[in-house]
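Heads up, the thing below is written out as structure tokens.
Please treat every number below as a calculation from the coordinates, not as lab data. This is a predicted model, so every value here is computed, not measured. No Cβ is skipped: glycine too gets one built from the backbone with ideal geometry, and neighbour counts run over all protein chains shown.
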Amino acid sequence: MKPADLDVFDIRLLAALQAAGRAPNAQLADSVGLSASQVSRRLARLEETGVIAGYAALLRPEAVGLSVTAFSNISLERHSDTLVRNFQQSVTARPEILECWSVTGEADFVLRIVAADLKAFADFMMLHLLRLPGVRSARSSIVLHRIKQTTALPLDHVGG
């Protein structure tokens with residue numbers, strides 16, 4: 001589904017879901033101006049077409065004992081298909097790594113990593129990440145304060 005295929009009710013529904021993902025269809029229907037059955041059909045279509053990728057509970061890391069968040073810029077020694085694929089598979093397998101982005105610039109990848117404390121983060125870096133084949137360097141920044149974090153995408157650019 002292309003953004004052009006989304007109408008004003010789809011956009012309203014997506015915005016309402018981003019604000020209150022557990023809202024029942026009747027509540028969503030009230031907020032977007034449709035019936036609950038219309039909302040149900042639209043949700044099914046948005047899920048089937050991949051506009052809605054899934055549903056999740058968002059946890060506060062510190063509430064589950066993860067007080068350290070870091071962003072690590074990783075550079076590889078080489079960029080062979082095998083080395084990059086192995087790095088990506090290794091990163092995907094580590095639960096401490098919440099996000100991995102292939103980027104342009106000085107680094108090859110940017111990772112968002114969580115850990116219980118600084119020692120746990122250091123251990124993860126030294127015993128796991130820096131030992132991955134092909135990793136040339138890692139430069140990490142420890143988050144001091146979270147200013148803004150959202151999962152809600154802006155939708156005002158989508159026509160409808």
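In the distance distribution for the chain, Cα-Cα pairs more than 28 Å apart total 43 percent.
For the residues His79, His145, what sequence is obtained by ranking on other C-beta atoms within 10 Å, fewest first? Before the final figure, lay out each step's value.
Details: His79 10, His145 4.
Least crowded to most crowded, the residues run His145, His79.
Taking other residues whose beta carbon is less than 12 angstrom from the beta carbon of Ala36, and scoring Lys, Arg as +1 and Asp, Glu as -1, yields +1. Look at Lys148, Lys119 and count the other Cβ atoms within 10 Å of each Cβ; fewest to most, that gives Lys148, Lys119. When the Cα centres of region 35-74 and region 84-160 are compared, how far apart do they sit, in Å? Result: 18 Å between the Cα centres. Using R0 = 25 Å, the C-beta based FRET efficiency linking Leu83 and Ile142 works out to 0.35.
Can you pull the semi-axes for region 83-158, root of five times each eigenvalue of the Cα gyration tensor, sorted largest first, whole Å?
Numbers: eigenvalues 119, 64, 28 Å².
The equivalent ellipsoid of region 83-158 has semi-axes of 24, 18, 12 Å.
Relative to the longest principal axis of the Cα atoms of the chain, helix 36-48 runs at roughly 30 degrees. Summarised as an ellipsoid, region 3-48 has semi-axes of 15, 11, 10 Å, derived from the eigenvalues of the Cα gyration tensor scaled by 5 and square-rooted, with the largest first. List the chymotrypsin sites (Phe, Trp or Tyr not before Pro) within region 47-137 that fall in a DSSP loop (any state other than H, G, I, E or B) and whose Cβ has at most 10 other Cβ atoms within 10 Å. Loop-located and lightly packed - Tyr55.
Using a Förster distance of 25 Å, how high is the FRET efficiency between Leu58 and Asp156, based on the Cβ-Cβ distance and rounded to 0.05? Can you show the working numbers first?
Values: r = 22 Å, r/R0 = 0.89.
According to the calculation, E is roughly 0.65.
Placing unit charges on the Cβ atoms of the charged side chains and taking the dipole of region 3-48 about its Cα centre, the candidate lying farthest along the positive direction among Gln27, Leu17, Ala44 is Gln27.
Net charge around Asp10, counting only other residues with Cβ within less than 15 Å of its Cβ (Lys, Arg = +1; Asp, Glu = -1)? Can you show the working numbers first?
On the way: positive: Lys2, Arg12, Arg41, Arg42, Arg45; negative: Asp5, Asp7, Glu47, Glu48, Asp156.
Neighbour charge sum, excluding Asp10 itself: 0.
Exposure proxy for Leu118, Leu155: other Cβ atoms within 10 Å of each Cβ, ordered fewest to most, give Leu118, Leu155.
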